[in-house]
Amino acid sequence: MSAEEKQPTMADEHEAGEDKVANNGVVARAESERERFRAAKMDDFVVLSRYAFLVCMLSEMMILCQLSNMLYMVYAGAAPSLVSCGSKVFVEGETAKERCDYMTNTGVGNGTCTPDLKAQFVSVNYEFGYYCGTTKLVKQSISVQMIGVIVGSVIFGHLSDSYGRRKIMAIALIMCICFMIVSSFTNSLLWFTVWRFLVNLTNAGTMVILMVFVVENLPKKDRFWISNLITWSPNMVLYAVIAYFAGDWRTLTRVSALLAIPALGLLAFLCESPRYLVQSRRLDDAKAAVKRIHRIDGRVCDDELLDHVLFKEEQTFLESRKKKKYNFIHLFYTWTFTRYTVAVAFSLLVTSILNYSLLFNMEKLSGSLYWNSIIMGLFRYSCNLAIAFLDIKFEWIGRKFAHAVAQAFSFVALEICAFIFIMGYHVEFANVVRAGVLSVIGVCSLLYTTNGICSNELFPTCIRNTSFSFGQVWSRIGVVISPQIFLLGDFWLPFPYLLMGILAAADLLLFHTNVTETKGKPLTDNMPGKDQRLFSRDKNIELLPKNPSNKDIESPKDI
């Protein structure tokens, strides 16, 4: 064969090689594109940018409003102190009980004098004349108001799942603002209690919805540090400043209502949660919401990829609806789950009792009510930031360690306060009691955080939200009980501190003997098998689907 005849063959081979390389490139790109579509999910469309910043702004505005209602009675329910009664001028060393005993035995009871009251903040007690024994009525009013928090959480949590996060949160906020304004015009404790009950009912609605709305609109990797940055603790400092300049309970609630109004404007501008829209099978609305978020961020939206992800999310949701429905009973499905549930619920109950009992009695501490609130808020914020740093820095500092340190500290501080009262040195060591009380309130933030994380990490995915909700119910029951704790001081002055110290020790013991460390461990997705069920086999109770597949059953070693 001649050279001329071979040359075209070599060229053909070269061209064939180039075609093969080109084809391989096309195949590789196609495979890469298929992999991109296969791995894509809703979280890919949520980034930390302008829209996320607006969500953070909304979170801050809403938290200030929520806190201003939950801590409102710290100021509005502050008991005034007796300065004098006629010619009788009380000296600084006389306790509130000694002054009230004088009033009961020789003063107002005999009609011989008119009490002169002094208050750092013009509270409901001061304006309506509730002091000494009648302050119990205000404490009872606080408990009734806090029942609204439990009721509101249930009502608005269900409504937001049915009608949307943004719409129901806006309705709850509008109602809350209206009830706040109306409550500021009341002239009796009865009507004040009624309207504040409604305030807390609607306020709880914003609390339960905001948490879900923020989680659904922030990137997964940024939720933890943002939740530690935008939290209640720094807003406690801000609220103390607002209360100082407000001066009285009527002005304080009106200013708080006014400061909540900008959140309505921001809510009107933001989109409904795309995740909620997908779950509601409103795919066109979900697509429009995601595209609008991209326009606000200045990003280009891949419509084809978005359509694919929305379809995939809808299919996933439809599949989940076919699965077994779980409820609160499943928190007690195994002995291990029962121990976890009881320990975490009891810990949240105790934490709320400690936190709010001390908060609602802060007017009894030495020093300024406002400065005490500022110091307490700064200390709480320091605790939040410190545990966030230590959690990242040291592997051995886990959930149980943080809980143990916080609750052991609470026990020691409260028992020191009780000992001071038992020995009768509460006047001489007033600043020690003050430091102990403010410190306990501060470390309660660690307990709330730790219990919240554990309630999510201890349980499988299918009952994780149920576990969190169950714990929150007990936390709010603690809030209802808390105003009554210091009324026990009428029987024996040290008793409230002694009781709270015992509760702290009981929580420490129960938590650390029943809860396992969860830091660094993978989250479980499935319920344990029927062989681990706490209920007897012969009982007609069917908690799990019949003949579940192997992938839906978790081995005992995973529990």
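The values are calculated or read from the model by the stated rules, or taken from the named source; none is laboratory data. Since the structure is predicted, the reported quantities are computational estimates derived from the model, not experimental observations. Using ideal geometry, Cβ is built from the backbone for each residue, glycine included, and neighbour counts are taken over all protein chains shown.
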Tally the residues that are aliphatic (A, V, I, L, M) and touching a Leu at 6+ places or on another chain (Cβ under 7 Å), restricting the search to the stretch 468-484.
1
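Can you tell me how many residues within the stretch 236-263 are more than 17 Å from LEU67 (Cβ to Cβ) and surrounded by 15 or more Cβ atoms within 10 Å (Cβ to Cβ)?
Of the residues in the stretch 236-263, 3 are more than 17 Å from LEU67 (Cβ to Cβ) and surrounded by 15 or more Cβ atoms within 10 Å (Cβ to Cβ).
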Given (1) under 22 Å from GLY164 (Cβ atoms); (2) surrounded by fewer than 17 Cβ atoms within 10 Å (Cβ to Cβ), where does VAL300 come up short, assuming only one miss?
(1)
Among the candidates PHE468, PHE486, single out the residue that is in contact with a Gly (Cβ under 9 Å, 6 or more places away or on another chain), at pLDDT below 90 and either polar (S, T, N, Q) or part of a helix (DSSP H, G or I) (or both).
PHE468
Out of (1) surrounded by fewer than 17 Cβ atoms within 10 Å (Cβ to Cβ); (2) in a helix (DSSP H, G or I); (3) modelled with pLDDT under 90, the odd one out for LEU137 is which?
(3)
Among residues belonging to the stretch 376-426 that are buried (at least 16 other Cβ atoms within 10 Å of the Cβ) and of a type in the set (Phe, Trp, Tyr), point out the one that is farthest from PHE511 (Cα to Cα).
PHE421
I need the full set of residues from the stretch 187-228 which are within 30 Å of ARG292 (Cβ to Cβ) and either touching a His at 6+ places or on another chain (Cβ under 9 Å) or outside any helix (DSSP H, G or I) (or both), in order please.
LEU218, PRO219
Within the stretch 161-168, is there a residue that is within 28 Å of the chain's Cα centre (by Cα), surrounded by 20 or more Cβ atoms within 10 Å (Cβ to Cβ), assigned to a loop (DSSP other than H, G, I, E, B) and on the phi > 0 side of the Ramachandran plot?
yes
Can you tell which of PRO522, PRO548, PRO528 is over 30 Å from GLY424 (Cβ atoms), out of contact with any helix residue (DSSP H, G or I) (no Cβ under 8 Å at 6 or more places or on another chain) and modelled with pLDDT of 65 or more?
PRO522
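Being out of contact with any Phe, Trp or Tyr (no Cβ under 8 Å at 6 or more places or on another chain) and either in a loop (DSSP other than H, G, I, E, B) or not polar (S, T, N, Q) (or both) is true for just one of TYR244, TYR239. Which residue is that?
Testing whether each residue is out of contact with any Phe, Trp or Tyr (no Cβ under 8 Å at 6 or more places or on another chain) and either in a loop (DSSP other than H, G, I, E, B) or not polar (S, T, N, Q) (or both) leaves just TYR239.
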Given the condition more than 23 Å from SER469 (Cβ to Cβ), among the aliphatic types (A, V, I, L, M), in contact with a Leu (Cβ under 9 Å, 6 or more places away or on another chain) and part of a helix (DSSP H, G or I), answer yes or no: does some residue in the stretch 339-353 qualify?
no
So which of ARG434, ARG476 is basic (Lys, Arg) and under 30 Å from GLU92 (Cα atoms)?
ARG434
Under the condition of being free of Cβ contacts under 8 Å to residues at least 40 places away in the same chain and either surrounded by 20 or more Cβ atoms within 10 Å (Cβ to Cβ) or charged (D, E, K, R) (or both), which residue from the stretch 427-463 is farthest from LYS97 (Cα to Cα)?
GLY436
Give me a count of the residues in the stretch 441-462 that are of a type in the set (A, V, I, L, M), in a helix (DSSP H, G or I) and out of contact with any Leu (no Cβ under 6 Å at 6 or more places or on another chain).
4
Under 6 Å between Cβ atoms, at least 6 apart or on separate chains: pull out the pairs that start in the stretch 204-222 with a residue that is over 17 Å from ARG476 (Cβ atoms) and among the charged types (D, E, K, R) and end on any residue that is modelled with pLDDT under 85 and part of a helix (DSSP H, G or I).
GLU216/ARG275; LYS220/ASP43
Out of SER87, SER81, SER143, I need the residue that is surrounded by fewer than 19 Cβ atoms within 10 Å (Cβ to Cβ), small (Gly, Ala, Ser), touching a residue at least 12 places away in the same chain (Cβ under 8 Å) and touching a strand residue (DSSP E or B) at 6+ places or on another chain (Cβ under 6 Å). Which one?
SER81
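Yes/no matrix, rows are residues, columns are (1) β-branched (Val, Ile, Thr); (2) farther than 22 Å from GLU363 by Cβ:
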{"position": "ARG99", "(1), (2)": "no, no"}
{"position": "TYR102", "(1), (2)": "no, no"}
{"position": "SER123", "(1), (2)": "no, no"}
{"position": "ILE174", "(1), (2)": "yes, yes"}
{"position": "THR186", "(1), (2)": "yes, no"}
In the stretch 110-134, residue surrounded by the fewest Cβ atoms within 10 Å (Cβ to Cβ) [restricted to those that are within 11 Å of ALA79 (Cα to Cα) and of a type in the set (S, T, N, Q)]
THR134
Give me the pairs: first residue in the stretch 354-378 and closer than 13 Å to GLY77 by Cα, second residue crowded, with 19+ Cβ neighbours inside 10 Å and of a type in the set (Phe, Trp, Tyr), beta-carbon distance under 6 Å, and six or more apart or on different chains, which are they?
ASN361/PHE486
Being more than 25 Å from ILE374 (Cβ to Cβ) and hydroxyl-bearing (Ser, Thr, Tyr) narrows SER439, SER482, SER467, SER410 down to just SER467
May I ask you to list the residues in the stretch 267-295 that are surrounded by fewer than 16 Cβ atoms within 10 Å (Cβ to Cβ), of a type in the set (A, V, I, L, M) and at pLDDT 85 or above?
ALA268
Select from the stretch 489-517 the residues that are part of a helix (DSSP H, G or I), farther than 15 Å from LEU348 by Cβ and among the aromatic types (Phe, Trp, Tyr) and list them in ascending order.
PHE495, TYR497
